[in-house]
1. What's the number of the only condition in (1) at pLDDT 95 or above; (2) under 15 Å from the mean Cα position of the chain (by Cα) that T56 fails to meet?
2. Suppose the filter is at pLDDT 95 or above, of a type in the set (V, I, T) and crowded, with 16+ Cβ neighbours inside 10 Å; does V45 pass it?
3. Does segment 89-107 include one or more residues that are touching a helix residue (DSSP H, G or I) at 6+ places or on another chain (Cβ under 9 Å) and farther than 18 Å from L48 by Cα?
4. So which residues in segment 85-105 are free of Cβ contacts under 8 Å to residues at least 40 places away in the same chain and part of a helix (DSSP H, G or I)?
5. Only one residue in L80, L64, L74, L40 is surrounded by 15 or more Cβ atoms within 10 Å (Cβ to Cβ) and touching a Lys or Arg at 6+ places or on another chain (Cβ under 7 Å), so which one is that?
Amino acid sequence: MSRYFKKEVVKNDLDFYSDLLENRDLNVIYHHRQTQDLGLTPEFVKNLRFKQTTWTISTKLHKLSYEYYGTTELWWVIGLVNTKPTDVHWKPGDIVYIPTNPEEIIKRVRQNG
């Protein structure tokens with residue numbers, strides 16, 4: 001199931017995006033609103049089990065997701081628990097904590113998102 005499950009969809013027709021909208025022949029863009037509290041408290045994260053790896057210049061979140069979970073779709077779980085949500089937030093040498101059971105995080109996010 002999508003990580004956007006239960007996310008509010010908002011209409012964005014702000015003047016700020018007028019050039020983008022015009023270039024794409026659109027009148028509006030729809031976004032999924034970001035939830036601020038996903039329920040990943042320090043206590044919750046502390047009780048998770050992790051594997052560790054080191055970020056290198058060729059590391060990508062979707063590759064780690066595939067390596068550890070067998071799917072590229074759970075890259076966001078790794079980014080979320082490390083508070084580095086995209087590849088550009090990482091630098092070589094960073095330690096990456098990979099939850100051994102991503103379902104715990106997915107369940108928690110769905111409950112709070």
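The values are calculated or read from the model by the stated rules, or taken from the named source; none is laboratory data. Note that the coordinates shown come from a computational prediction; the quantities given were computed from them, not determined experimentally. Cβ atoms come from the backbone with ideal geometry, glycine included; neighbour counts cover every protein chain shown.
1. Answer for T56: the failing condition is (2).
2. no
3. The answer is yes; a qualifying residue exists.
4. Correct list: D87, V88, H89, P102, E103.
5. L40
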